[in-house]
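Visitor: Structure provided below as structure tokens; questions to follow.
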Amino acid sequence: MQLENLWREDESKFWLPILSLPTLHWAKPFLSILELPNALIENLDVWIAIYERAVIEYKTRLQKRNSTINIHQEESEIVPLVVTNALFDLAQQLGQDVAIKFEQWVRWQFFSEEVSSALEIWELILRYVCRRANFHSNRISPPAALVPILPDIANLVSSERRHEIESVLEHTVSPSNYENLQDAEMLEFDEVTLFSRAIDQAWTLRALQIIAEKLNDQERSEVVTWALSQAVAMKLKNAQDKICGDKYLKVEPLCFNVPSVFDFPQPNNPASSGNCTSYPNHFCT
């Protein structure tokens, strides 16, 4: 794989806002909900300093940009360099495993269509079944083994809980750190939206993990079969492809084999080996 294949032009504008999330003072109470590396959460001052340097580097490179080139094209070249340098800096200070896990958390949390689709459909199905049995006419009775678990996961998939978090964030958040950046379109996904999405997915993953912990293989298979039927009854499109069998119904942390900047030498740094055996291209959150 080539280094440039790691980056999609339409994703560039989201990287810096996403990387800012652990640096935001209002986000600190909620970081433990997410699947971020513990070492990062325990050493936030390290990442805050790295991130601040990354923003300065971004602004400096953008100011020196070639005015004849479209700003979006220029940004799609600048952001990968800035992000890669920040991740290598994080690896140097907190260890390469921490940097790899953080990078891949960003990639699967915000840029994986499969993960996003799977967790969204599971959330909808579980929320639906956790409501009163007579609340929906097209509610399909869940497997007997799942019924006693529903009270344990109801709060995790509750739309009310999500609205409460969003309300707290909206009343806590100070003006965006990005208001002075050159490209205003970086705010297409504001920090509250990004953070709320991350929390939603973390809660859904936890709900699925609780189900997996309490059921055996046969019972988990029955839950998948039921979920597919319930999705059809709810008229959710492409349910079979999105649910992904029992892939997300696991006790152990999810593992994703995805490419990483650490599969390559650091840009403008000949000393970096880029040895894939030194920087494995997969992680478990």
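The values are calculated or read from the model by the stated rules, or taken from the named source; none is laboratory data. Keep in mind it's a predicted model, so treat the numbers as computed, not measured. Here the Cβ positions follow ideal geometry from the backbone for every residue, glycine too, while neighbour counts run over all protein chains shown.
Visitor: Tell me whether segment 96-104 contains one or more residues that are assigned to a loop (DSSP other than H, G, I, E, B), touching a Pro at 6+ places or on another chain (Cβ under 9 Å) and surrounded by 21 or more Cβ atoms within 10 Å (Cβ to Cβ).
Guide: Within segment 96-104, none of the residues are assigned to a loop (DSSP other than H, G, I, E, B), touching a Pro at 6+ places or on another chain (Cβ under 9 Å) and surrounded by 21 or more Cβ atoms within 10 Å (Cβ to Cβ).
Visitor: Sticking with this structure for a sec: Please work out if residue 169 is more than 19 Å from residue 247 (Cα to Cα), part of a helix (DSSP H, G or I), in contact with a helix residue (DSSP H, G or I) (Cβ under 7 Å, 6 or more places away or on another chain) and modelled with pLDDT of 90 or more. Quick ask: steps written out before the conclusion?
Guide: Numbers: more than 19 Å from residue 247 (Cα to Cα): yes; part of a helix (DSSP H, G or I): yes; in contact with a helix residue (DSSP H, G or I) (Cβ under 7 Å, 6 or more places away or on another chain): yes; modelled with pLDDT of 90 or more: no.
No: the conditions fail for residue 169.
Visitor: Given the criteria touching a Ser or Thr at 6+ places or on another chain (Cβ under 6 Å) and not aromatic (Phe, Trp, Tyr), does residue 266 qualify?
Guide: When the stated conditions are applied, residue 266 passes them.
Visitor: Out of the residues in segment 214-235 that are assigned to a helix (DSSP H, G or I) and charged (D, E, K, R), state the one that is nearest to residue 140 (Cα to Cα).
Guide: Within segment 214-235, the match that is nearest to residue 140 (Cα to Cα) is 222.
Visitor: Residue under question is residue 121, and the condition is that it be in contact (Cβ under 8 Å) with a residue 60 or more places away in the chain and over 30 Å from residue 232 (Cα atoms); does it hold? Write out each step before concluding.
Guide: On the way: in contact (Cβ under 8 Å) with a residue 60 or more places away in the chain: yes; over 30 Å from residue 232 (Cα atoms): no.
No, not satisfied.
Visitor: Do we find that residue 105 is touching a residue at least 12 places away in the same chain (Cβ under 8 Å), touching an Asp or Glu at 6+ places or on another chain (Cβ under 8 Å) and among the aromatic types (Phe, Trp, Tyr) in this structure?
Guide: So residue 105 passes the test.
Visitor: Please find, within segment 141-156, the residue that is farthest from the chain's Cα centre (by Cα) out of those that are part of a loop (DSSP other than H, G, I, E, B) and of a type in the set (A, V, I, L, M, F, W, C).
Guide: 144
Visitor: While we're looking at this one, here's another question. Spot the failing condition for residue 249; the list is (1) in a loop (DSSP other than H, G, I, E, B); (2) farther than 17 Å from residue 113 by Cα; (3) at pLDDT below 90; (4) not small (Gly, Ala, Ser), and only one is missed.
Guide: Unmet for residue 249, out of (1) in a loop (DSSP other than H, G, I, E, B); (2) farther than 17 Å from residue 113 by Cα; (3) at pLDDT below 90; (4) not small (Gly, Ala, Ser): (3).
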